[in-house]
Amino acid sequence: MSTTRRGSVLVVVAGLALLIAGLAIAFLARMRGEAEENQQIVRTMQARVMLMAGCGYILEGARVGYDPDPLDTTQARSHAEAFGWIDVRPAFTGAPLDGPRDAARAPLWTDVPVTASGRGARKRWPAIGAAARCPMHVLRQPPFATALTAAYNPMPTDPADPAFAKPYLRHPDPQPPQATGNGWPTTPPADPVTAAAAVSDARLAAWSAGDREPRPESAGISWFRVFRESSARFVVTCGAGATMGFRDWADVTYPPSQAELFGNDQQLFERLVQDEVRLWYRVEWSDAIGSAYFGNFIDNEIYPASYAGGGGSNKRDWDHWLLHPINASQRSHGSLRNSVVRPNHCGTIRWIQRLSSAPLAATDDADDLAW
Amino acid sequence: MSARETHRQVGFTLIELLVALAAGALVMLALAAAARMSAGTMTIANRIAHENALLRAGLVDALDEVDFWRSYDDPDAPPAQGQRLRPSIAMEDGHEPGHPIRLGMPFTPLAAAWPDNATETFDLDAKSWSSANRQARWRGNLMEKNHGDLRAGRYAMFSNAHRAPSLGSPDTGAFGSVTLPTERTWLASQMRGLNRALGYYGLMDYAPSNSPYAWYGEYRAPPPDPGADHNPPYPWRPGTSGHAPAVPWGTTNGGYDREFTRPMRGNRELESLRNPFFCFLGDWNNNNFLSIGGGSFAVVPPNNDVTRGLDDQQMVHYHRWWFYQLNVFTAASTTYAPTSIQVERLLPLAPTTWPEVSVSVRRSSSYGSGTVECGVRLSSPVTGHVSALNFTAFGTTLRGARMQRAPYGGWADWASARPATWPQHLDSP
């Protein structure tokens with residue numbers, strides 16, 4: 001083949017290769033753009049999921065126990081149960097009291113800053129004016145974790161087994177994970193007497209503390225932050241990104257500084273802030289519980305015993321029908337009726353308001369937060 | 001080597017030329033086909049990418065709507081176009097001359113539609129509504145019937161929307177007037193006021209979860225003629241077999257507004273006039289409407305195919321109406337879907353050859369829970385391909401949306417103000 005012809009072939013081949021390369025680059029660029037845009041959507045959705053998480057935190061936070069100061073190891077840990085962000089127990093005089101309070105109505109918060117543990121003068125959760133920061137990574141093992149074993153006491157299905165079909169409760173259910181368990185064997189058969197002898201509380205402290213190390217695959221994805229604005233009103237900040245719920249660098253370095261979480265690199269933190277989605281919502285908690293089902297408690301349909309039937313239903317004019325006890329099964333007039341109550345011990349979120357941007361505090365003081 | 005031979009070596013023979021031309025033509029054809037395919041591929045890729053981008057834009061638009069309710073009330077638009085759910089109407093039922101019943105809609109400022117004869121003005125403070133507060137406790141007899149004989153007592157004196165109600169009815173005899181303290185009027189006054197000012201969805205949004213939608217007042221006689229469909233005639237929508245409003249329906253013998261005493265299983269309307277039914281959210285749908293489908297209450301958008309062009313009176317009516325959502329065989333259910341949904345084209349001015357994206361939102365209360373249903377629908381006029389993304393969302397509630405809005409148009413921008421200067425909104429006194 002002559003040089004000219006070889007050159008022609010080369011031109012053709014190069015042209016084809018260029019075409020293919022161009023196509024590939026165009027596809028890659030398009031895909032990358034798509035991925036980036038999708039990532040933004042994913043972050044937005046992740047942030048919105050945090051609204052649910054934040055509201056759930058507020059609901060449960062109305063009732064769960066609080067220590068006087070979780071970081072102050074000199075104080076006893078009581079985890080005293082609380083009775084709502086506004087104490088639900090009757091206020092016989094005056095307005096209802098702010099919560100959370102313990103059984104003796106003593107406040108489970110303090111407005112007095114505790115600086116002995118090296119912290120600044122900001123109020124501490126759950127006081128009004130304080131914020132809780134909640135990065136939503138998964139812990140390696142939460143405190144007081146229980147194992148995911150579904151059935152510790154399965155009934156034998158072999159008819160030859162002397163325990164066939166008998167629901168013996170040989171093993172406690174649930175149980176701690178093996179790594180921090182109390183030594184009770186979880187695999188039947190086991191002699192309960194022998195098993196009980198092997199139980200030890202040597203790992204109780206480890207079990208109660210858990211392992212708070214984040215699982216890497218879950219870190220840096222999302223967080224929420226709850227600021228208690230008044231008795232029952234909160235600002236929930238929903239974030240999708242890696243800032244772990246710190247407002248800004250000043251918040252990171254507020255005593256005790258946690259700048260090492262970001263390698264003491266302010267620029268890194270601020271880039272993370274720029275990359276993440278933040279949404280602000282104002283919500284209000286209510287002590288009203290979710291829907292209970294009174295359909296059978298107030299049964300308008302069941303005829304009284306004296307009703308002879310036929311023609312009409314005039315005897316339904318009576319002022320009382322049948323009161324079915326809650327949590328009781330009834331058979332009446334050809335149908336089974338169960339009273340159902342869906343318990344909710346945490347209250348409800350009464351309203352939600354999206355804020356257009358981060359709210360302002362009353363002052364510019366670093367200890368005066370608004371979210 | 002001769003010159004002829006040299007010439008033959010540097011040139012093409014005819015055969016070579018023909019073969020070269022044929023091969024070249026084949027290559028060019030292949031190239032053209034490849035280029036055409038590449039161009040087509042790029043076009044399709046671009047189109048899909050644009051469709052994906054439109055879907056994303058639709059999703060963002062739907063979520064923005066969830067949080068800011070612009071389809072229902074647009075503070076940036078002129079009131080006549082953007083704020084059609086703010087007016088209220090007044091109607092006289094003859095019971096209290098000079099005090100017409102004022103009925104509002106979901107975005108009516110509370111101060112504009114609160115009953116002028118209310119014993120208490122509206123009070124939305126969380127501590128006022130706390131179960132620890134005696135005034136917030138519901139007092140009544142759940143077993144009391146429309147035509148009952150009050151054998152369990154006259155509860156209208158323990159809770160009433162009036163300070164000094166005149167109690168009694170023709171069936172039970174006159175009882176006289178009693179003067180009630182605030183503790184016995186506050187809750188009835190709040191519930192009645194919220195219902196009058198905001199309509200059904202608004203009442204359910206504002207009242208605490210699991211509230212009994214019932215309050216005592218003075219006895220008012222029900223209308224004598226329930227109408228051909230066994231329902232009392234509507235004052236503004238004659239002939240419709242819906243189930244509200246009940247203001248002209250009168251009260252039970254005990255003094256309940258019969259607006260919320262509605263049918264039970266058995267479902268014959270004359271019967272329902274006799275049998276009450278006290279409305280807990282769960283009870284309302286699950287038990288008493290079981291045989292006729294679930295009831296739903298919607299914030300009815302002001303500019304959909306059903307409501308566009310309706311007047312204030314008709315819009316007020318729609319916000320006091322419940323829908324039988326599940327029973328698809330009733331006329332009311334076929335009304336539910338188009339009446340309660342807001343569908344908007346994302347790009348209303350785009351050429352018809354462009355993919356069309358529509359975003360829909362429906363806000364309703366069904367089966368005891370407020371629900372926001374969203375839909376993003378993309379249809380391609382070129383391929384006929386349709387993609388739809390349907391989801392429920394969690395965001396700003398009606399009360400939250402009302403607090404985003406200034407009473408006379410514009411936004412109430414809380415975030416830009418210090419707490420001491422927080423702006424006025426639709427719930428401000």
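Identification of strands (runs of 3 or more DSSP E) wholly contained in the range A:190-294 with 3 or more residues that are modelled with pLDDT of 95 or more and within 21 Å of the chain's Cα centre (by Cα) yields A:222-228, A:233-240, A:277-286.
Evaluated against (1) at pLDDT 95 or above; (2) part of a strand (DSSP E or B), B:Arg102 falls short on exactly one condition, (1).
None of B:Gly368, B:Gly384, B:Gly410 is surrounded by fewer than 20 Cβ atoms within 10 Å (Cβ to Cβ) and either at pLDDT below 90 or over 26 Å from B:Gly202 (Cα atoms) (or both) except B:Gly384. All of B:Ala136, B:Ala118, B:Ala126 fail the test of being without any contact (Cβ under 8 Å) to a residue 24 or more places away in the chain and among the aliphatic types (A, V, I, L, M), apart from B:Ala126. Given the structure, is B:Ala53 under 30 Å from A:Tyr281 (Cα atoms), among the hydrophobic types (A, V, I, L, M, F, W, C) and away from chain A (no Cβ under 14 Å)? Considered against the rule, which asks whether it is under 30 Å from A:Tyr281 (Cα atoms), among the hydrophobic types (A, V, I, L, M, F, W, C) and away from chain A (no Cβ under 14 Å), B:Ala53 comes out as no.
Scanning the range A:122-141 for residues that are more than 18 Å from A:Gly210 (Cβ to Cβ) and in a strand (DSSP E or B) yields A:Ala131, A:Ala132, A:Arg133.
Acidic (Asp, Glu) and away from chain A (no Cβ under 14 Å) - does that describe any residue in the range B:346-356? Within the range B:346-356, one or more residues are acidic (Asp, Glu) and away from chain A (no Cβ under 14 Å).
From the set of residues in the range A:30-48 that are of a type in the set (A, V, I, L, M) and more than 8 Å from chain B (Cβ to nearest Cβ), which is nearest to the chain's Cα centre (by Cα)? Out of the qualifying residues, it is A:Ala47.
For residues that are small (Gly, Ala, Ser) and touching a helix residue (DSSP H, G or I) at 6+ places or on another chain (Cβ under 9 Å), scanning just the range B:387-407, find the one that is farthest from B:Asp205 (Cα to Cα). Quick ask: steps written out before the conclusion?
Going residue by residue through the range B:387-407, those that are small (Gly, Ala, Ser) are B:387-388, B:393, B:395, B:400-401, B:406.
Next, from what is left, pick out any that are touching a helix residue (DSSP H, G or I) at 6+ places or on another chain (Cβ under 9 Å): B:387, B:393, B:395, B:400-401.
Working: B:Ser387: 33, B:Ala393: 16, B:Gly395: 13, B:Gly400: 10, B:Ala401: 11 Å.
Looking at the filtered set, the residue picked out is B:Ser387.
Does the range A:73-87 contain any residue that is small (Gly, Ala, Ser), assigned to a loop (DSSP other than H, G, I, E, B) and modelled with pLDDT of 80 or more? Yes; the residues of the range A:73-87 include at least one that is small (Gly, Ala, Ser), assigned to a loop (DSSP other than H, G, I, E, B) and modelled with pLDDT of 80 or more. Can you list residue pairs whose Cβ atoms sit under 6 Å apart, with the first residue in the range B:176-201 being more than 29 Å from B:Leu85 (Cβ to Cβ) and the second being in a helix (DSSP H, G or I)? Count only pairs 6 or more apart in sequence or on different chains. From residues that are more than 29 Å from B:Leu85 (Cβ to Cβ), the pairs are B:Val178/B:Met157; B:Glu183/B:Arg134; B:Glu183/B:Gln135. Against the test of being at the interface with chain A (Cβ under 9 Å from one of its Cβ atoms) and either modelled with pLDDT of 90 or more or on the phi > 0 side of the Ramachandran plot (or both), the options B:Trp129, B:Trp69, B:Trp114 yield a single qualifying residue, B:Trp129.
The residues of the range A:218-240 that are touching a residue at least 60 places away in the same chain (Cβ under 8 Å) and of a type in the set (D, E, K, R), listed by number, are A:Arg225, A:Arg228, A:Glu229.
Among all positions in the range B:40-56, there is no residue which is over 21 Å from A:Trp351 (Cβ atoms), of a type in the set (Gly, Ala, Ser) and in contact with a Leu (Cβ under 6 Å, 6 or more places away or on another chain). Residues that are more than 11 Å from every other protein chain (Cβ to nearest Cβ), touching a strand residue (DSSP E or B) at 6+ places or on another chain (Cβ under 9 Å), in a loop (DSSP other than H, G, I, E, B) and loosely packed, with under 15 Cβ neighbours inside 10 Å are absent from the range A:53-62.
Among the residues of the range B:73-100, those that are touching a strand residue (DSSP E or B) at 6+ places or on another chain (Cβ under 7 Å), of a type outside the set (Asp, Glu) and buried (at least 18 other Cβ atoms within 10 Å of the Cβ) comprise B:Pro75, B:Ser88, B:Ile89.
Part of a loop (DSSP other than H, G, I, E, B), aromatic (Phe, Trp, Tyr) and surrounded by fewer than 18 Cβ atoms within 10 Å (Cβ to Cβ): which single residue out of B:Trp129, B:Trp138 fits that description?
Details: B:Trp129 fails: surrounded by fewer than 18 Cβ atoms within 10 Å (Cβ to Cβ).
Going through B:Trp129, B:Trp138 in turn, the sole match is B:Trp138.
Within the range B:402-429, residues that are among the acidic types (Asp, Glu) reach partners that are surrounded by fewer than 20 Cβ atoms within 10 Å (Cβ to Cβ) with beta carbons closer than 7 Å, at six or more positions or on different chains, in the pairs B:Asp413/A:Ser356; B:Asp413/B:Pro423; B:Asp427/B:Leu124.
Scanning the range A:89-112 for residues that are at the interface with chain B (Cβ under 7 Å from one of its Cβ atoms) and surrounded by fewer than 20 Cβ atoms within 10 Å (Cβ to Cβ) returns A:Arg89, A:Pro90, A:Ala91, A:Ala95.
Taking the listed residues B:Ala420, B:Ala412, the one that is in contact with a helix residue (DSSP H, G or I) (Cβ under 9 Å, 6 or more places away or on another chain) and within 14 Å of chain A (Cβ to nearest Cβ) is B:Ala412, with no other qualifying.
The values are calculated or read from the model by the stated rules, or taken from the named source; none is laboratory data. Just so you know, these numbers come straight off a predicted model, no measurement behind them. We place every Cβ from the backbone using ideal geometry, glycine too, and count neighbours over all the protein chains shown.
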